[in-house]
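Undergrad: Just dropping this structure here.
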Amino acid sequence: MNEIGSDDSSSDYYFSKNLISDVFRGRIKRVTECSICHSSSETFEEFISLSVPVPQWYSNETHPISLESCIELFLHYENVEDWYCEECNQKRKAKIYSTINDIPKVLIIQLVRIYSKKYPTQQVLFPLNDLVVQTSPNHFDFYDLYSFITHTGSLSKGHYISWNRVLDQWYCCNDENVSQSKPNTSSDTVYILFYKRKVN
């Protein structure tokens, strides 16, 4: 993700003139708040895809986690040390709050997993319809899944399979083999998901 400021006209111009960005671009707002005086500052980050970490349970038991929970953890506030507060004129402890400020027409989510030879890979539950994305305290948008990619293997090599929705039918594309098949919405191999925003 590239951090930009409100005065970065060259970056704004690039994104505004790029057809791909009109479909895939989103923006995250990060608010840093001083723990003493509670003054805050804002920064914005443009994104084409969200790289969302998947927590790993270090146990032989499986504990599926929802995609929504992964996104919430990604946006969860974090504590920082030695943040310089202009109001206090010194370094303070602070909290950083993240929200999706602008949402794209097509939301690409890449799941970042921790692979372990000792423990099972974390399963993720993902909805085919009505993924809820919150952009403000009182505003929610809904997305429907239309494609996703699974990956099996290691970090250095592996095999990819894509699942694609055509109207209300799902098709599995495994190299040259294409078959109609209903996808499993609980997976430890799902890697990238493509969601399309629903029109209100």
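Undergrad: I'm checking my understanding of the structure. Among residues of the stretch 184-195 that are of a type in the set (S, T, N, Q) and outside any loop (DSSP other than H, G, I, E, B), which one is surrounded by the most Cβ atoms within 10 Å (Cβ to Cβ)? If you could, list the steps in order and put the result at the bottom.
TA: Quick first cut of the stretch 184-195, residues of a type in the set (S, T, N, Q) only: 184-187, 189.
Subset that is outside any loop (DSSP other than H, G, I, E, B): 186-187.
Numbers: SER186: 13, SER187: 18.
Among residues in the stretch 184-195 that are of a type in the set (S, T, N, Q) and outside any loop (DSSP other than H, G, I, E, B), the one surrounded by the most Cβ atoms within 10 Å (Cβ to Cβ) is SER187.
Undergrad: Take TYR143 and tell me if it is more than 18 Å from PHE24 (Cα to Cα) and not in a loop (DSSP other than H, G, I, E, B).
TA: Working: more than 18 Å from PHE24 (Cα to Cα): no; not in a loop (DSSP other than H, G, I, E, B): yes.
The answer is no for TYR143.
Undergrad: Filter the stretch 166-183 down to the residues that are surrounded by 12 or more Cβ atoms within 10 Å (Cβ to Cβ) and either free of Cβ contacts under 8 Å to residues at least 24 places away in the same chain or farther than 24 Å from SER66 by Cα (or both) and list them by number.
TA: Start the filter on the stretch 166-183 by keeping residues that are surrounded by 12 or more Cβ atoms within 10 Å (Cβ to Cβ), which leaves 170-174, 178, 181, 183.
Across the stretch 166-183, the qualifying residues are TRP170, TYR171, CYS172, CYS173, ASN174, VAL178, SER181.
Undergrad: Starting from the stretch 72-96, keep only residues that are of a type in the set (S, T, N, Q) and at pLDDT 90 or above, then list their pairs with residues that are part of a strand (DSSP E or B) and surrounded by 13 or more Cβ atoms within 10 Å (Cβ to Cβ) whose Cβ atoms are within a distance under 7 Å, requiring at least 6 positions of separation or different chains.
TA: If the second residue must be part of a strand (DSSP E or B) and surrounded by 13 or more Cβ atoms within 10 Å (Cβ to Cβ), the pairs left are ASN79/LYS93; ASN79/LYS95.
Undergrad: Can you tell me which of SER162, SER154 is surrounded by fewer than 10 Cβ atoms within 10 Å (Cβ to Cβ), within 21 Å of VAL112 (Cβ to Cβ) and not charged (D, E, K, R)? Show your work before the answer.
TA: On the way: SER162 fails: surrounded by fewer than 10 Cβ atoms within 10 Å (Cβ to Cβ).
Exactly one residue qualifies, and that residue is SER154.
Undergrad: Out of the stretch 31-51, which residues are under 26 Å from LYS196 (Cβ atoms) and buried (at least 18 other Cβ atoms within 10 Å of the Cβ)?
TA: First, pick out the residues of the stretch 31-51 that are under 26 Å from LYS196 (Cβ atoms): 44-51.
Answer for the stretch 31-51, where residues must be under 26 Å from LYS196 (Cβ atoms) and buried (at least 18 other Cβ atoms within 10 Å of the Cβ): GLU46, PHE47, LEU50.
The values are calculated or read from the model by the stated rules, or taken from the named source; none is laboratory data. Note that the structure is a prediction, hence the values are computed from the model and not measured. Quick reminder, even Gly has a Cβ in these numbers, built from the backbone with ideal geometry, and neighbours come from all protein chains shown.
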